[in-house]
Amino acid sequence: MNRSFILGFMILVASTISLSQGSLSTKCDPTSIYRINYPLLVEKGYADVPLVENAPIFSSGSDSLQLYFDKNAMLGEDAINHFARVIIKFKVDCNGNVGEFESLGTVVPEIAELLMKAAKDMPRWIPGTISGKPVNTISVITFTISQGKARLSIKK
């Protein structure tokens, strides 16, 4: 084969790899933050944070998220005696990583701590979006504690 053909082929391959890697890595402004539309977030001081167009979602769906908490959040015997609601605020960054967990107004702090501990190890989420681009988003998971189990609902 002639050298110019090989050189041209190598440049084409390198360009293709470079373009594909650029499209796979998500770049976002780490200082920008959005929130889901949830009244308690407004009450807790997040009224000035703009709303996200599409809320973050758990990558495997809400049923899988419930199974995750069933397996990873062992509430213990004391939880059988409680009927409560636990609300956890957290951030889903533009890459789907979760963090910055906070319990919002819980009456059972021990259970909230157990749920937050499990939440910190959650797999990645599909990030919220603005105009189709992933953004950092403040989200909320609400748990209803009844008969020793934590049943969740995700606010969008």
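Laboratory data are not the source of any read-out in this text; all were calculated from the coordinates shown. From a predicted model like this one, the values you see are computed outputs, not experimental measurements. For neighbour counting, all protein chains shown are included, and Cβ atoms are generated from backbone atoms with ideal geometry for every residue, glycine included.
In the range 133-149, which residues are in contact with a Cys (Cβ under 8 Å, 6 or more places away or on another chain) and surrounded by 17 or more Cβ atoms within 10 Å (Cβ to Cβ)?
Passing the criteria: Pro134, Val135, Asn136.
Having 2 or more residues that are surrounded by 16 or more Cβ atoms within 10 Å (Cβ to Cβ) and among the β-branched types (Val, Ile, Thr) is the bar; report the strands (runs of 3 or more DSSP E) wholly within the range 28-132 that clear it.
Filter on the range 28-132 gives 84-92, 128-130.
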